[in-house]
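Visitor: I'd like to ask some things about the structure below.
The values are calculated or read from the model by the stated rules, or taken from the named source; none is laboratory data. No experiment lies behind these values; they were computed from the predicted model shown. Cβ atoms come from the backbone with ideal geometry, glycine included; neighbour counts cover every protein chain shown.
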Ligand code: MN
């Protein structure tokens with residue numbers, strides 16, 4: 001019998017703050033000190049709990065052009081619709097069930113707005129954005145954009161109609177997620193009916209967390225509910241989730257990148273010098289161009 005991974009902490013959602021005028025997010029990494037060191041390769045988790053936006057003619061609701069370098073942004077939509085454009089010429093819409101896995105690498109500018117039709121109509125937005133660090137060797141890789149649609153995700157039906165696990169990155173019970181990653185990462189989106197259970201094999205070396213998107217559950221003996229973020233110790237090799245109500249939960253795990261992290265706003269590098277270089281390159285227009 002494999003050993004359960006003990007829970008180190010259950011973090012409650014911090015008070016939400018606004019990112020631009022379009023995203024009302026709870027920023028766990030900003031609110032709880034030490035998570036960047038503790039949860040490598042993850043650098044940020046901004047969770048946008050369900051929030052209803054009124055109809056608007058403002059088609060710039062969100063965040064205007066801004067740079068990133070040295071890591072990846074991963075945007076996952078549960079409800080609502082986000083439009084994205086970047087200076088590499090990529091653009092797309094992230095709708096319910098879709099994931100956008102953007103590698104900023106050497107540097108891009110992008111903008112993130114409510115998709116126009118969604119903005120006009122108004123409605124519920126429910127999404128999250130995760131920042132994933134890149135190893136030193138890949139920090140200046142060419143920018144890359146993976147538009148992962150709901151239809152592309154790996155899917156595992158749980159026995160006895162207990163629910164389903166969508167595999168976005170990594171592997172679960174033989175199903176593989178479509179995301180290409182630079183270091184081993186697992187991103188699983190589990191929907192489990194009340195009374196159902198699911199177990200994940202996650203080796204101790206992988207930093208692991210579970211975000212409860214909806215419902216009440218137990219992880220081993222520990223209860224957690226909507227918007228809680230459970231952080232696991234690095235021992236044991238199995239995570240068991242039991243649903244007390246209908247539940248949706250996101251499991252994130254990854255092998256830590258054992259390198260220094262120096263962050264300055266939208267730049268995440270290994271040294272202060274590389275940060276100064278990022279700022280200089282941005283100011284010199286080397287991240288390309290992007291209109292509002
Ligand atoms: Mn951004």
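Visitor: Could you say which residue among 287, 282 is touching a helix residue (DSSP H, G or I) at 6+ places or on another chain (Cβ under 9 Å), buried (at least 18 other Cβ atoms within 10 Å of the Cβ) and either touching a residue at least 60 places away in the same chain (Cβ under 8 Å) or at negative phi (or both)?
Guide: Result: 287 is the single residue among 287, 282 that is touching a helix residue (DSSP H, G or I) at 6+ places or on another chain (Cβ under 9 Å), buried (at least 18 other Cβ atoms within 10 Å of the Cβ) and either touching a residue at least 60 places away in the same chain (Cβ under 8 Å) or at negative phi (or both).
Visitor: Restricting to the stretch 137-172, and then to whatever is on the phi > 0 side of the Ramachandran plot and surrounded by 15 or more Cβ atoms within 10 Å (Cβ to Cβ), can you tell me which residue is farthest from the chain's Cα centre (by Cα)?
Guide: 163
Visitor: When only residues in the stretch 86-107 that are outside any loop (DSSP other than H, G, I, E, B) and modelled with pLDDT under 95 count, which is farthest from residue 141 (Cα to Cα)?
Guide: 92
Visitor: What are the residues in the stretch 37-74 that are crowded, with 17+ Cβ neighbours inside 10 Å and not in a strand (DSSP E or B), if any?
Guide: Result: 38, 39, 40, 41, 61, 70.
Visitor: Within the stretch 125-177, considering only strands (runs of 3 or more DSSP E) that don't extend past its boundaries, which have at least 2 residues that are modelled with pLDDT under 95 and farther than 19 Å from residue 249 by Cα?
Guide: In the stretch 125-177, the matching strands (runs of 3 or more DSSP E) lie at 144-148.
Visitor: Still on this structure: So how many residues does the stretch 119-148 have that are out of contact with any strand residue (DSSP E or B) (no Cβ under 8 Å at 6 or more places or on another chain) and within 14 Å of residue 53 (Cβ to Cβ)?
Guide: Qualifying residue count for the region: 2.
Visitor: Among the candidates 107, 122, 97, 64, single out the residue that is on the phi > 0 side of the Ramachandran plot and within 13 Å of the ligand (Cβ to nearest atom).
Guide: Matching residue, one of 107, 122, 97, 64: 107.
Visitor: With respect to the numbered conditions (1) surrounded by 15 or more Cβ atoms within 10 Å (Cβ to Cβ); (2) part of a loop (DSSP other than H, G, I, E, B), which one is the sole condition not fulfilled by residue 189?
Guide: Going through the list (1) surrounded by 15 or more Cβ atoms within 10 Å (Cβ to Cβ); (2) part of a loop (DSSP other than H, G, I, E, B), residue 189 breaks only (2).
Visitor: Additional query: Being closer than 23 Å to residue 252 by Cβ and either within 16 Å of the chain's Cα centre (by Cα) or crowded, with 21+ Cβ neighbours inside 10 Å (or both) is the filter here, so list the residues in the stretch 82-98 that pass it.
Guide: 82, 84, 94, 95, 96, 97, 98 - these are the residues of the stretch 82-98 that are closer than 23 Å to residue 252 by Cβ and either within 16 Å of the chain's Cα centre (by Cα) or crowded, with 21+ Cβ neighbours inside 10 Å (or both).
Visitor: Can you tell me how many residues in the stretch 219-268 are within 16 Å of the ligand (Cβ to nearest atom), in a loop (DSSP other than H, G, I, E, B) and in contact (Cβ under 8 Å) with a residue 40 or more places away in the chain?
Guide: The total comes to 1.
Visitor: Here are some residues: 23, 29. Which one is within 16 Å of the ligand (Cβ to nearest atom) and in contact with a helix residue (DSSP H, G or I) (Cβ under 9 Å, 6 or more places away or on another chain)?
Guide: After applying the criteria, what remains is 29.
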